[in-house]
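Each remark here refers to the structure printed beneath this line.
The values are calculated or read from the model by the stated rules, or taken from the named source; none is laboratory data. Since this is a predicted model, take the numbers as computed values, not measurements. Cβ coordinates were reconstructed from backbone atoms using ideal geometry, including for glycine residues, and neighbour counts include every protein chain displayed.
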Amino acid sequence: MPEWYGPYGGAYVPETLVPALQELEKAWRESRRDPSFQQRLRTLLHEWGGRPTPLYFAERLTRENGGAGIYLKREDLVHGGAHKLNNALGQGLLAERLGKRRIIAETGAGQHGVATAMVGAMLGLTTEVYMGEVDIERQRPNVLRMRLLGATVRPVRAGQRTLKEAINEALRDWITTVRDTHYVLGSAVGPHPFPSLVADFQSVIGKEILHQSRSRFGAEPDLVVACVGGGSNAIGTFHPLLRTRSRLLGVEAGGEGGGVGAASLSRGSPGVLHGMRTYLLQDEEGQILPTESVSAGLDYAGVGPEHARLKDSGRVEYVSVSNAEALAAFHLLSRSEGILPALEPAHALAEALRRARSLPRDARVVVTLSGRGDKDLAEVERIGDPR
Ligand SMILES: *Cc1c(COP(=O)(O)O)cnc(C)c1O
């Protein structure tokens, strides 16, 4: 896996971090060839994390929607309620391998913070999580979860007081503590090797989709859809499918409509943020624009560099979906299938439903349901039900 994805990626970091990033890359590459590491990861993902997750045929939803069959890759059933665990566990084991006894993380909606706190507890590591004050306020239950799991939550007061600033603080911590601390970055973003190793740990999603589709349909899915915040569940979904005939579609948060939302690929331009060159929502002077989305997990001005290349090459198509469309899909799935999705994958579902309607009935559309909606109940209640 490369350091650069075409003109994107790289490692724009202070010199003090370079040895740590090199050490991390070395440990990760060695771990990929180490059967005992792979066995431990597989066993923990299975017995502790609940993998493999099912591929569920949403029959009533398909009937109501019309057109192609809709299948849900149930990452909402992973321990902790989202795909975040796949990455946090992998990196926790790498921290252990590096002999580091302290892990830090950033979190927006709190899902990555919770996943990291669960891993920290299970491996007996000291865990500290940076979180913007605004997010602490709107994601109370996840803050409580992290504390009960033994993690320290560190409020971040700078700027917009959300995810971008939490990443800044975590990077700042890491620069001074790098000897005994590993930074568990939560998405396929940041300096090399993070985008590559996060994609690697999340690829378990796409591998299972491929295997489940082939054994069930004798073929790959016709269309595969995932939501894109930093891009980790999407890259993990897409990676193993890049060389197949499946069409791949990434869905960003369009926000209220009108503004930029958080659609870095659809409405951004190339620049440098958080140690990587990628598509960003920025003004003419390169200042990061404020973002806006109903889903905290998609509310980020950047995106993983591999998505930037996949967009330019045309292998993956990227579109954006508005808050209102995502909410409609949230309610539809809840009532037709008895599954409360997180608001992030509700964006992917909204676009998948639209595409499925113009596909033949024997076509198959797979949507990665990256997480469950428990964390979003207060937000959905605040907005109110359109019906
Ligand atoms: C964090 C999160 C996302 C967005 O992050 P990616 O790195 O783009 O996957 C999407 N869905 C859920 C449920 C999340 O918790």
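Quick notes on this structure:
- Scope segment 340-387; condition aliphatic (A, V, I, L, M) and modelled with pLDDT under 95; matching residues: L377, A378, V380, I383
- Residues that are touching a Pro at 6+ places or on another chain (Cβ under 7 Å) and either farther than 30 Å from V365 by Cα or in contact (Cβ under 8 Å) with a residue 60 or more places away in the chain (or both) number at least 1 in the following strands (runs of 3 or more DSSP E) confined to segment 104-217: 126-132.
- Yes/no for L24 being closer than 21 Å to V204 by Cβ and within 16 Å of the ligand (Cβ to nearest atom): no
- Residue pairs whose Cβ atoms lie under 8 Å apart, separated by 6 or more positions or on different chains, with the first residue in segment 220-237 and on the phi > 0 side of the Ramachandran plot and the second more than 6 Å from the ligand (Cβ to nearest atom) and of a type in the set (V, I, T), are G231/V189; G231/V303.
- The single condition among (1) out of contact with any helix residue (DSSP H, G or I) (no Cβ under 6 Å at 6 or more places or on another chain); (2) away from the ligand (no atom under 12 Å from the Cβ); (3) under 20 Å from I235 (Cα atoms) that D76 does not satisfy is (2).
- Looking only at residues of segment 254-300 that are touching a Pro at 6+ places or on another chain (Cβ under 8 Å) and among the aliphatic types (A, V, I, L, M), we find that the one that is nearest to G9 (Cα to Cα) is M276.
- Conditions (1) under 21 Å from the mean Cα position of the chain (by Cα); (2) more than 10 Å from the ligand (Cβ to nearest atom); (3) outside any strand (DSSP E or B); number of the one not met by H347: (2)
Per-residue answers, yes or no, for (1) farther than 28 Å from A20 by Cα; (2) of a type in the set (K, R):
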position	(1), (2)
K164	no, yes
P195	no, no
A199	no, no
H211	yes, no
P221	yes, no
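- Subset of segment 46-75 [touching a His at 6+ places or on another chain (Cβ under 9 Å) and part of a helix (DSSP H, G or I)]: E75
- Among the residues making up segment 297-322, those that are in a helix (DSSP H, G or I) and touching a helix residue (DSSP H, G or I) at 6+ places or on another chain (Cβ under 8 Å) are G297, L298, P305, E306, H307, A308, L310, K311.
- Filter result for R245 (charged (D, E, K, R) and in a loop (DSSP other than H, G, I, E, B)): yes
- L41 falls short of the stated requirement of being touching a residue at least 12 places away in the same chain (Cβ under 8 Å), in a helix (DSSP H, G or I) and out of contact with any Leu (no Cβ under 7 Å at 6 or more places or on another chain).
- Annotation: A328 fulfils all but one of (1) crowded, with 19+ Cβ neighbours inside 10 Å; (2) farther than 17 Å from V366 by Cα; (3) in contact with a helix residue (DSSP H, G or I) (Cβ under 8 Å, 6 or more places away or on another chain); the unmet one is (1).
- Checking each residue in segment 350-376 for being within 16 Å of the ligand (Cβ to nearest atom) and either part of a helix (DSSP H, G or I) or over 15 Å from the mean Cα position of the chain (by Cα) (or both) picks out A350, E351, A352, V366, G373, D374, K375, D376.
- Inside segment 250-306, residues that are at pLDDT below 95, buried (at least 24 other Cβ atoms within 10 Å of the Cβ), among the acidic types (D, E) and more than 11 Å from the ligand (Cβ to nearest atom) make up a count of 0.
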